[in-house]
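K.L.:
I am attaching a structure below and will ask some questions about it afterwards.
Please treat every number below as a calculation from the coordinates, not as lab data. This is a predicted model, so every value here is computed, not measured. All Cβ positions, glycine included, derive from the backbone under ideal geometry; neighbour counts span all protein chains shown.
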Ligand SMILES: [Zn+2]
């Protein structure tokens with residue numbers, strides 16, 4: 001059982017400053033009450049490692065389906081647990097909800113069967129296991145985080161010598177020429193020449209926009225071996 005106390009906090013008494021507020025399409029916190037005494041929050045907050053795992057799972061779902069999973073609650077305050085116990089006696093006794101450790105999520109209000117099946121199949125790889133009932137039954141949208149997700153380490157950046165020169169040609173065009181491979185590519189516009197010059201001067205992507213770097217990368221790909 002990995003859900004439980006962490007960081008010296010008690011259940012439902014974790015300051016949101018130490019949590020991660022999840023921002024991703026499909027994540028919409030359900031503000032169940034605007035009465036401050038009921039302990040509703042302003043977003044879906046999770047313990048940081050749980051947040052990393054959830055985002056990775058949400059992104060995989062989007063990559064595979066083009067769609068987004070719904071999420072409407074993560075951390076629940078003690079006051080929020082008191083509120084929910086009053087609404088439904090089956091809800092956790094205040095101070096004992098896994099939401100109070102910020103390591104549980106409610107996947108929306110309802111799920112489709114396909115979404116439910118997907119989370120059952122893929123959730124465990126990210127550390128999420130169902131606590132609620134079978135599809136359509138009480139609390140079937142609830143998943144606990146087991147704390148076992150290890151994000152993949154990104155591959156080491158390849159040190160690649162992409163030295164190039166920008167050379168005018170007698171045909172009136174300007175070429176970018178790899179000093180490693182000797183391969184040339186014609187540069188399509190003065191704007192692109194400017195981008196290649198900036199990139200070369202910085203020897204990096206400092207202060208360049210992603211769209212600008214992407215144009216440069218297109219040329220560098222063309223002159224690779
Ligand atoms: Zn729940």
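K.L.:
Highest first, please rank the peptides 61-67, 184-190, 125-131 by the mean number of other Cβ atoms sitting within 10 Å of their residues.
P.N.:
Ranking, from highest mean packing down: 125-131, 184-190, 61-67.
K.L.:
Find the eigenvalues of the gyration tensor of the Cα atoms of the range 164-222, then list the square roots of 5 times those eigenvalues as equivalent ellipsoid semi-axes, largest first, in whole angstrom.
P.N.:
Semi-axes from the Cα gyration tensor: 19, 12, 10 Å.
K.L.:
Past the 22 angstrom mark, what percentage of all C-alpha to C-alpha distances in the chain do you count?
P.N.:
Tail fraction, whole percent: 61.
K.L.:
For the chain, give me the percentage of DSSP beta bridges that are antiparallel, rounded to the nearest 5 percent. All intermediate terms of the calculation are to be shown ahead of the outcome.
P.N.:
Details: 17 of 18 bridges.
Of those bridges, close to 95 percent are antiparallel.
K.L.:
Which value at 222 nm does the chain reach when only helices count, each DSSP H run of 4 or more adding -39,500 (n - 2.57), with the total divided by all residues and rounded to the nearest 500 deg cm²/dmol?
P.N.:
Result for the chain, helices only: -9000 deg cm²/dmol.
K.L.:
Right, next: Show me, bin by bin at 10 Å from 0, the whole-percent P(r) of the range 45-127 based on Cα pairs.
P.N.:
Using 10 Å bins, I get a P(r) of 17, 45, 30, 8 for the range 45-127.
K.L.:
How do the peptides 215-222, 93-100 rank, highest first, by the average count of neighbouring beta carbon atoms within 10 Å per residue? Display every interim value, and only then the final one.
P.N.:
Numbers: 215-222: 15.8, 93-100: 18.6.
Answer by packing, highest mean first, reads 93-100, 215-222.
K.L.:
Now for a separate question. Quickly rank 70-78, 42-50, 164-172, 142-150 as a protection proxy: mean count of other C-beta atoms within 10 Å, highest first.
P.N.:
70-78, 42-50, 142-150, 164-172
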